[in-house]
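The values are calculated or read from the model by the stated rules, or taken from the named source; none is laboratory data. Keep in mind it's a predicted model, so treat the numbers as computed, not measured. Please note: Cβ atoms are built from the backbone with ideal geometry, for glycine as well, and neighbour counts cover all protein chains shown. Surface areas here come from the heavy atoms of the whole protein model, side chains and all, with no ligands, DNA or RNA. Shrake-Rupley method; radii C 1.70, N 1.55, O 1.52, S 1.80 Å.
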Amino acid sequence: LSVEEQFYLVVPLVVAGVLWWRHRRARPVRRSVLVGLVAAVLVVSFALAVALSGGALSSLVDALGVSSPVALAFYSPFTRAWEFLAGAGLALLAPRVARWPSGARAAMGLVGLAAVLVAAVVMGAEQGAVGAATAVPVLGTVGVLAAGIGGSTAVSTILSHRSIVLLGDVSYGWYLFHW
């Protein structure tokens, strides 16, 4: 949760800084600038997460006094930022996604939902909580979210059912209680 909160504090400040800097230079801030920034940081964050979850960069881990590379990968906002930036990137690209054919969004939603379900059932502690395997549920979630942009699809209809919404409403509280 602390990684999530750090992200929600830092990213708006970074975006505001980019907007302020571009405004001072009397240049309009194009969406492509923000998309490029999000994509660049996402790639670096993901690469760092994969490297650390594989046990690499032990000298960095030793210098920081962390118990292991995997622990640093799990607790560092720098290695987890890519997960949130995937959603931020989708939000920035939402106007384009809304113009996709409904069949493409529906297929993306079904594939995304399947990825999330497979990750929930198949992935265990041996895959770890960060690293390359984490891309399955993260990209699946992006697919599910993309399906609901620009109109209703089968996935958005299923996920908006009263019982599913209720489960979503109470699950975060269960998650907090669990921890």
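Give the dimensionless ratio obtained when the Cα radius of gyration of region 65-117 is divided by 2.2 N^0.38 Å. Present the calculation step by step, with values, prior to reporting the outcome.
Working: Rg = 16.2 Å, N = 53, 2.2 N^0.38 = 9.9 Å.
Rounded to two decimals, the normalised Rg is 1.63.
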Margin query: For the full complex of protein chains and a 1.4 angstrom probe, list I164, I149, I158 by accessible area with the highest value first.
Written below: I158, I164, I149
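Can you give the calculated 222 nm mean residue ellipticity of the chain, where each DSSP H run of n ≥ 4 adds -39,500 (n - 2.57) and the sum is split over every residue, rounded to the nearest 500 deg cm²/dmol? Don't skip to the end; give the middle numbers.
Values: 9 runs with 139 residues, N = 179.
Dividing the helical sum by the residues of the chain leaves -25500 deg cm²/dmol.
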Check: Say a paramagnetic label sat at a point 7 Å from the Cα of S102, along Cα to Cβ; which residues of region 130-165 have their backbone N under 19 Å from it?
Finding: 144-161
Notebook entry, point to check: Treating the beta-carbon of each Lys and Arg as +1 and of each Asp and Glu as -1, no other charges, what is the dipole magnitude of the chain about its Cα centre, to the nearest 20 debye?
Noted result: 1080 debye
Margin query: Give me the one-decimal Kirkwood hydrodynamic radius in Å for region 1-97, with the sum taken over alpha-carbon pairs.
Written below: 14.7 Å
Item checked: Accessible area per residue, Å², region 44-179 with all protein chains present, probe 1.4 Å -> 58 Å²
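Any idea what % of Cα-Cα pairs in region 28-145 are farther than 23 Å?
In whole percent, the long-distance tail amounts to 40.
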